[in-house]
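In what follows, a structure is listed as structure tokens, so that the remarks can point back to it.
Taken together, the values in this text are just the output of simple stated rules run on the coordinates, not laboratory data. The shown structure was predicted, so the numbers you read here are calculated from the model rather than taken from an experiment. Here the Cβ is made from the backbone with ideal geometry for all residues, glycine too, and neighbour counts use every protein chain on show.
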Amino acid sequence: MPRGARDANEHEIIEALRAAGATVLQLEDPDHEGVLDLLVGFGGHVVGFNLLMEVKVVGKKLRPGQERWARLWNGPVITVWSVQDALNAIGVRSREIPRLARRIAQSGG
């Protein structure tokens, strides 16, 4: 997928992570060499997220360039398919998700 085409679920995942208090940086990969989509900081930790489309690619593996990049990255790399996956990855409990969803909706995100 060319870097100009972000994953369909990326915006809502970013909004949910930010609503939970995370810092989110969208990574660019102009040469399409496998860099993951997001760098996420939360609770003093940094996590690299690779976002895959929620329904069409559930179970899909990382592309070879992404696998290579993940092996070289000296930190955690997590593949998420949904808002709940992303929030679980940073330790936000499921029962907090409805409150976060309301907060996102109220902010217009």
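Tabulated data
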item: Sorted by Cβ density within 10 Å, fewest first, the residues Ser107, Ser82; result: Ser107, Ser82
item: The range 10-22 - phi-based ³J(HN,Hα) in whole Hz, Karplus 6.51/-1.76/1.60, Gly and Pro as x; result: 5, 4, 5, 5, 4, 4, 5, 4, 5, 4, 7, x, 7
item: Ranked Arg63, Arg18, Arg99, Arg71, criterion: other C-beta atoms within 10 Å, fewest first; result: Arg71, Arg99, Arg63, Arg18
item: Two-site label geometry, Arg68 and Gln106: point separation in nm, points 7 Å out along Cα→Cβ; result: 4.7 nm
item: Distance between modelled label sites at Gln84 and Gln26, nm, 7 Å Cα→Cβ extension; result: 2.6 nm
